[in-house]
1. Among the listed residues LEU145, LEU159, LEU129, which satisfies the condition of being touching a Pro at 6+ places or on another chain (Cβ under 9 Å), within 16 Å of the ligand (Cβ to nearest atom), touching a residue at least 60 places away in the same chain (Cβ under 8 Å) and not charged (D, E, K, R)?
2. Determine which single condition GLN57 fails, assuming it passes every other condition in (1) under 21 Å from ILE150 (Cα atoms); (2) assigned to a helix (DSSP H, G or I); (3) touching a residue at least 60 places away in the same chain (Cβ under 8 Å).
3. Just to check your reading of the model, which residue among LYS115, LYS127, LYS94 is surrounded by fewer than 18 Cβ atoms within 10 Å (Cβ to Cβ) and closer than 19 Å to SER47 by Cβ?
4. Does the range 167-190 contain any residue that is among the small types (Gly, Ala, Ser), more than 12 Å from the ligand (Cβ to nearest atom) and within 19 Å of ARG79 (Cα to Cα)?
5. Of the residues VAL228, VAL199, which single one is within 12 Å of the ligand (Cβ to nearest atom) and of a type in the set (A, V, I, L, M)?
6. Could you say which residue among LYS213, LYS208 is near the ligand (Cβ under 10 Å from one of its atoms) and either over 15 Å from VAL76 (Cβ atoms) or not acidic (Asp, Glu) (or both)?
7. Hey, can you tell me all the residues within the range 193-241 that are exposed (fewer than 15 other Cβ atoms within 10 Å of the Cβ) and in contact with a Gly (Cβ under 9 Å, 6 or more places away or on another chain)?
Amino acid sequence: MISNSKFGKNVLIFDHEDQMLKFMVEQWEDISREGIDRRGCFTVGLSGGRTPIIFYQKLAEWDNKSSWERTQVFLVDERFVSFDDKDSNYKMLKETLLGKIPIPQENIHPIPTGKGSLEDSAREYEKGLVRFFEVSKGQYPTFNLILLGIGEDGHTASLFPGSKALSERRRLTAAVVLDEMRHDRITVTLPVINHAEHVIFFVRGENKAPVLKKILAGEDPSLPASMVQPRSGNLLFVIDREASSQLSG
Ligand code: 6PG
């Protein structure tokens, strides 16, 4: 493992997948303990996509019933499809993690996609966040941990380059209209991400190397992933050797 703070960002580069996953699980355990000790529960926002699947599968082996019972799982984004659609993030999370651990169903907070419009869905999810975190107007929830991925175009959560959702400062969620292949989506907004106590980008694969270089070197501040700058929380990049292949030093 190499630790690199050359770009003023905390970056951990792993040669071996098992070491990388072990580290991720340890991070989870530490942040979870911190949250539970301080507030009696651990709040986490999870991403979809393919990259985190191996992590979720590994995490499912964590045998700690009392922690799972105090864990509250939210999604950072969702495709506007039903929960049994192959592209549903909730379905993926259920199959890889949530269906395998002793977590009470009421601790799982999927983004509702079953009824109403895309905008209704975004509003409904926002209401759920407001209720759970007991935030008033102008305030944002403080997640203990938000786990993010990065797309080849620099998107993160469902915040895509050039999207008007990127400039949302008032709302906690946004409805994002995309093409049929990527599906319309619901996402948490940047202020929610940037109010988290810990934000971890988990990035794997050579196809992510060019965009990761741009983000870490601050070459393109307009990329959504570059706009993730927690106000007072920790930001960490956990990446594999392939994704790091265009970083110098
Ligand atoms: C999603 C995401 C998204 C994802 C990136 C990377 O639902 O797709 O939350 O932001 O993290 O698109 O996706 P991959 O891990 O599949 O490359």
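The values are calculated or read from the model by the stated rules, or taken from the named source; none is laboratory data. None of these values were measured; they are calculated from a predicted model. Because the Cβ atoms are built from the backbone with ideal geometry, glycine has one as well, and the counts that use them run over all protein chains shown.
1. LEU159
2. Condition (3) is where GLN57 drops out.
3. On the way: LYS115 fails: closer than 19 Å to SER47 by Cβ; LYS127 fails: closer than 19 Å to SER47 by Cβ.
Sole residue among the options that is surrounded by fewer than 18 Cβ atoms within 10 Å (Cβ to Cβ) and closer than 19 Å to SER47 by Cβ: LYS94.
4. Applying the first criterion (among the small types (Gly, Ala, Ser)) to the range 167-190 yields 167, 174-175.
Filter again for more than 12 Å from the ligand (Cβ to nearest atom), leaving 167, 174-175.
Of the ones still in play, those that are also within 19 Å of ARG79 (Cα to Cα) are 174-175.
Yes; the residues of the range 167-190 include at least one that is among the small types (Gly, Ala, Ser), more than 12 Å from the ligand (Cβ to nearest atom) and within 19 Å of ARG79 (Cα to Cα).
5. Testing whether each residue is within 12 Å of the ligand (Cβ to nearest atom) and of a type in the set (A, V, I, L, M) leaves just VAL228.
6. On the way: LYS213 fails: near the ligand (Cβ under 10 Å from one of its atoms).
The match here is LYS208.
7. Answer for the range 193-241, where residues must be exposed (fewer than 15 other Cβ atoms within 10 Å of the Cβ) and in contact with a Gly (Cβ under 9 Å, 6 or more places away or on another chain): GLY218, ASP220, SER222.
Results for (1) buried (at least 19 other Cβ atoms within 10 Å of the Cβ); (2) within 16 Å of the ligand (Cβ to nearest atom), shown as yes or no for each residue.
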{"site": "LYS22", "(1), (2)": "no, no"}
{"site": "SER32", "(1), (2)": "yes, no"}
{"site": "GLY40", "(1), (2)": "no, no"}
{"site": "VAL44", "(1), (2)": "yes, yes"}
{"site": "SER67", "(1), (2)": "yes, no"}
{"site": "VAL76", "(1), (2)": "yes, yes"}
{"site": "PHE83", "(1), (2)": "no, yes"}
{"site": "ASP87", "(1), (2)": "no, yes"}
{"site": "GLY99", "(1), (2)": "no, no"}
